[in-house]
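Notes follow the structure.
The values are calculated or read from the model by the stated rules, or taken from the named source; none is laboratory data. Since we're looking at a predicted model, the values are computed, not measured. With ideal geometry, Cβ positions are generated from the backbone for all residues, glycine too; neighbour counts draw on all protein chains shown.
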Amino acid sequence: MALVFSHSSFVTSQGEFSKFIFPSKRKSIKPILHPPSKSLKPFPKAMATLIVQELLPPVLDSSSEPPPLFDGTTRLYISYKCPFAQRVWIARNYKGLRDIVKLVPIDLQNRPAWYKEKVYPANKVPSLEHNNEVRGESLDLVKFIDSHFEGPPLLPDNPAKKEFAEELLSYCDTFNTSVRKAFSSKGDVEKEISASLDYLESALSKFDDGPFFLGQFSLEMNKIKAYTQTRRDPQELLEDYKKRFSAM
């Protein structure tokens with residue numbers, strides 16, 4: 001499968017992200033570099049569990065009681081608006097773990113005290129409660145879910161692709177940092193983020209067997225149930241970003 005590490009609920013392709021940053025200048029990046037072909041493989045049968053839209057639980061805030069903690073249930077604590085939580089959420093969906101890993105959405109603007117005191121002292125999302133332990137950090141959780149739960153693998157079998165996947169994962173923080181700086185920059189935004197976008201454009205052309213970083217994932221992100229169930233209203237996310245970066 002392909003690797004997705006950007007905030008895919010906000011921008012579903014590099015072309016869209018490029019247009020958001022500087023709409024008239026960066027036109028070399030294409031949303032899909034390779035046209036879909038008949039060689040694309042169908043989803044595995046395990047993905048059939050994702051056809052039905054999941055009924056999402058309500059967000060818990062400071063007035064909410066905690067779930068029955070450490071009772072043997074595996075819980076993924078997220079925010080519906082957090083891109084770092086979203087990539088773990090997508091991984092959980094893709095592996096068909098909706099009935100095994102329960103979602104617990106947290107209001108990050110009005111967090112319940114019990115979350116920091118009893119669940120995750122770092123007081124951020126995502127975190128995973130599993131076997132009476134709590135783990136954090138989104139990329140670590142994606143790897144943990146992939147290696148400790150059944151379902152379609154999140155990394156390719158091809159050694160070269162697997163190595164490149166690790167490289168891309170390691171690059172996530174660098175890319176995110178440059179994007180955050182670009183949002184709040186008063187200088188030449190294109191110049192500041194150009195190297196990061198060039199890196200991603202080069203990464204997209206490294207393998208030629210599909211439109212995504214590591215080849216085949218689907219014809220389009222918006223046709224993947226594992227993703228669409230995590231997608232938020234882009235306008236809602238845009239307003240959140242405006243508030244966040246206007247305060248910087």
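Residue-by-condition table, conditions (1) at pLDDT 80 or above; (2) in contact with a helix residue (DSSP H, G or I) (Cβ under 7 Å, 6 or more places away or on another chain); (3) within 28 Å of residue 59 (Cβ to Cβ); (4) not assigned by TED's automatic domain parsing to the domain that holds residue 226:
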position	(1), (2), (3), (4)
128	yes, yes, yes, yes
131	yes, no, yes, yes
135	yes, yes, yes, yes
179	no, yes, yes, no
189	no, yes, no, no
198	yes, no, no, no
Give the range 98-116 a look and list any residue that's at pLDDT below 95 and under 17 Å from the mean Cα position of the chain (by Cα), or say none. 98
Consider residue 162 carefully, then state whether it is assigned to a helix (DSSP H, G or I) and either among the charged types (D, E, K, R) or out of contact with any Gly (no Cβ under 9 Å at 6 or more places or on another chain) (or both). yes
Test each condition in (1) in the same structural domain as residue 177 (by TED's automatic domain parsing); (2) part of a loop (DSSP other than H, G, I, E, B) for residue 71 and report the one that comes out false. (1)
Residue check for residue 154: in a loop (DSSP other than H, G, I, E, B), farther than 26 Å from residue 240 by Cα and in contact (Cβ under 8 Å) with a residue 40 or more places away in the chain: yes
Report yes if residue 226 is assigned to a helix (DSSP H, G or I), modelled with pLDDT of 75 or more and touching a helix residue (DSSP H, G or I) at 6+ places or on another chain (Cβ under 9 Å), otherwise no. yes
